[in-house]
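The values are calculated or read from the model by the stated rules, or taken from the named source; none is laboratory data. A quick note: this is a predicted structure, and the numbers were derived from the prediction, not measured. As a convention, Cβ positions derive from the backbone with ideal geometry for all residues, glycine included, and neighbour counts pool all protein chains shown. In case anyone asks, the SASA skips ligands and DNA or RNA and just uses the protein heavy atoms, side chains included. Shrake-Rupley method; radii C 1.70, N 1.55, O 1.52, S 1.80 Å.
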Amino acid sequence: MSDAVEQAIEQARQRRAAGDDRSAISLLEPVLAGHEVPPARACLLLARCHDALGDEVEASRWVVRAIDADDDLITWQTAARLARRMGGLPSVTVRRSERLALLGSYTTDQLVDLLWLAAARQGLDLEVRHGLYGQYRQDVLDPDSWLSAFEPGVVLLATHEGEVPFPPISEDPDDDLETEALRWTSLWDQVRDRLGAQVVQHTFAIPPETPYGHLAARLRGERSSMLDALNHRLGAAAGDGVALVDCERLAGMAGKQRWFDPRFWQLSKQAVGLGCLPLLARHTVGVVLGALGMSRKCIVLDLDGTLWGGVIGEDGLDGIAIGPDRPSGESFSAFQQFLLQLKRRGMILAVVSKNDEHVARAPFEELAAMRLRQEDIALFVASWDPKPDLVRRVAETLDLGMDALVFVDDNPVEREAVRRALPDVDVLVLPEEPSGYVRALASYPYFEVLALTDDDVRRTEQYRGRALVREAQDSSASLDDFLADLAMEAAVGPFTAPAMPRIAQLVNKTNQFNVTARRRSASELERLGADDRYVTLAGRLRDRFTDHGLVGVLIAEGAVGDDRLEIDTWLMSCRVIGRTFEQHMLHELAAAAASRGHRQLVGRYVRTDRNDLVSDLYARLGFEPRNDGTWVYDLAGAVEPPTTHIRSFNGGNETAEERT
């Protein structure tokens, strides 16, 4: 940090101490204007000044910059106190509220505010309550504990390796491992069955100290090897209702000497070094967001200086750095390879470049050293418009919210322009050296998902198809012509086990087309699918451009033979809104209801701040309003086929029959 910045911070501190907050702001903010990552203590000083003047939005913005700049515990604790006083972070759009129960095998008091702050930073209003030290099993097993009354949507098991009773050397490694794995999976089952909550568990970071030294790697029953095997066993057993935070990986990132500090355990039974708690909180929230369907899903990439070295418009194909011929070229190749791996696990890649389009596309088409090809990019936008406008175009064309995007650009000026114009877009700060790009992206904690589904793997294809659909719509003479030209086919049928991860994903992340906004864990959905009081339907849609995968979910309740079948959950992915797929799903529900002897479908719309899109859904589909706020659809007579441009096909896992 320069002497000028240090001097400005001290002078601003003195002015604030004298009660002159405006003067402190006018002195310090211009000095920090050229610093993309200003010192955290300067950010907190400005946050206090703005808060004192009643400008909570600006105070919140500086709190955010403080915790983005630093994983220091004091910084985070100070930021959390400021944010609590403001009732949250007003500069961040709240996307969802949730309750989280924190159950620990060690002292977790310090973690409560850090989890709340990390969640608030990503738009999750998280109410966190924690149990007493070491009481996590009792809290789960006691039906009268505080846990039941709290009704959490997420239960976080913050456990450490000291809770695992492996001896220094196991005489029967297989039996000991099986017994211990069952002890944890049984606890997960208790949480899901009794509370219906999503489980998030910290895996076991492994201390570096072992009396067997390097020989430990050869001893299968040695405690460190057993802990590693237990982590893998739990990972294999987790399924869809349990998410894991890889604490062994985090301890490696932070350094085991920092993660394991015996002073804190001996003084206060704190199993994680205090300096590592912000890192743990940030990544834990990343996993929670993934479990709730709130992860970032699209990486918006610059080209020059980001995917290759140099400027393609000036240096030409022979002049840019990519591949093994130059050291920096290897760095860009490694970065592209990592992006390709992210794309293969379901991330969407988009390009925004200030360039002529044919120039910007040339390396993808003509250079063998490029790891990324045009087919890996869901949307390619090249124009001389400002970068924030190009990023908006990506969101609009792919039908994504700004809170789904992460912007990656080597130019700090462009990053700041996007940060200011589009505050809901996360902006990744790249290091000056391209060799650090992979680490910067790999350390970003908000790409987590609960499970890897077939739809995730096909996501780029689906979103490329979505962009093509947008082009077709723009060129069609009428909506009817557009829909007919899509040649859509759908498969709608009961929930199946192979489809359950995607069903749970949709139920927990869909906001716009969602009539009741009910969230359910995978285990809850499995139970409903097996309960004959419920009709459960999952719908797939494909068109001539792409297979959109599983995009619709309907759950309705009513005993066989009852007059009424009540719609509990009805949601669709935003990728198929406006395709008449809702009429198609209604027809399938009506047919299922009639076959069970029901005479009426009953729906209810529960308004949220994000589902205005379906406020008139029942009226549009022919339901009649009732005084109690419900909508009723009369099933008397034959159930006629819907008037849509969608025909049915046999979807494999689904059971819908093809109709001509």
Could you list, in sequence order, all residues of the range 294-353 that are of a type in the set (A, V, I, L, M, F, W, C), without any contact (Cβ under 8 Å) to a residue 24 or more places away in the chain and either in a loop (DSSP other than H, G, I, E, B) or open to solvent by 10 Å² or more (accessible area, probe 1.4 Å) (or both)? 311
Within the range 490-527, can you find the residues that are in a helix (DSSP H, G or I) and small (Gly, Ala, Ser)? 504, 522, 523
The residue that is surrounded by the fewest Cβ atoms within 10 Å (Cβ to Cβ), considering only those in the range 261-275 that are assigned to a helix (DSSP H, G or I) and touching a residue at least 40 places away in the same chain (Cβ under 8 Å), is 268
Only one residue in 655, 644 is open to solvent by less than 60 Å² (accessible area, probe 1.4 Å) and either at pLDDT 85 or above or among the polar types (S, T, N, Q) (or both), so which one is that? 644
Determine, yes or no, whether residue 320 is within 22 Å of residue 433 (Cβ to Cβ) and either of a type in the set (A, V, I, L, M) or modelled with pLDDT under 95 (or both). yes
Tally of residues being part of a loop (DSSP other than H, G, I, E, B) and either touching a Ser or Thr at 6+ places or on another chain (Cβ under 8 Å) or open to solvent by less than 50 Å² (accessible area, probe 1.4 Å) (or both) across the range 406-419: 2
Inside the range 80-99, can you point out the residues that are within 23 Å of residue 295 (Cα to Cα) and either assigned to a helix (DSSP H, G or I) or of a type in the set (Asp, Glu) (or both)? 80, 83, 98
Filter result for the condition that a residue is modelled with pLDDT of 80 or more, more than 26 Å from residue 152 (Cα to Cα) and open to solvent by 40 Å² or more (accessible area, probe 1.4 Å), over 474, 481, 485, 531: 485
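Table: residues versus (1) at positive phi; (2) modelled with pLDDT of 90 or more; (3) outside any loop (DSSP other than H, G, I, E, B); (4) exposed (fewer than 14 other Cβ atoms within 10 Å of the Cβ).
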| position | (1), (2), (3), (4) |
| --- | --- |
| 556 | no, yes, yes, no |
| 571 | no, yes, yes, no |
| 575 | no, no, yes, no |
| 586 | no, yes, yes, no |
| 590 | no, yes, yes, no |
| 613 | no, no, yes, no |
| 639 | no, no, no, no |
| 650 | no, no, no, yes |
| 660 | no, no, no, yes |
When residue 395 is evaluated against the numbered criteria (1) modelled with pLDDT under 95; (2) within 30 Å of residue 572 (Cβ to Cβ); (3) surrounded by fewer than 17 Cβ atoms within 10 Å (Cβ to Cβ), which criterion, by number, is the only one it fails? (3)
Going through the range 24-49 one residue at a time, which ones are open to solvent by less than 40 Å² (accessible area, probe 1.4 Å), under 24 Å from residue 414 (Cβ atoms) and either in contact with a Phe, Trp or Tyr (Cβ under 6 Å, 6 or more places away or on another chain) or part of a helix (DSSP H, G or I) (or both)? 32, 40, 42, 43, 46
Residue identified as basic (Lys, Arg) and over 28 Å from the mean Cα position of the chain (by Cα) among 596, 575, 607: 596
Taking the range 420-454 as the region of interest, how many residues are surrounded by fewer than 21 Cβ atoms within 10 Å (Cβ to Cβ), outside any loop (DSSP other than H, G, I, E, B) and touching a strand residue (DSSP E or B) at 6+ places or on another chain (Cβ under 9 Å)? 4
So residue 210 passes all but one of these: (1) closer than 27 Å to residue 450 by Cα; (2) of a type in the set (Val, Ile, Thr); (3) at pLDDT below 95. Which condition number does it fail? (1)
Which numbered condition residue 119 misses (of (1) farther than 24 Å from residue 205 by Cβ; (2) open to solvent by less than 10 Å² (accessible area, probe 1.4 Å)): (1)
Is it fair to say residue 170 is of a type in the set (Ser, Thr, Tyr) and touching a Gly at 6+ places or on another chain (Cβ under 6 Å)? yes
Select, from 159, 107, the only residue that is of a type outside the set (D, E, K, R) and in contact with a Phe, Trp or Tyr (Cβ under 6 Å, 6 or more places away or on another chain). 107
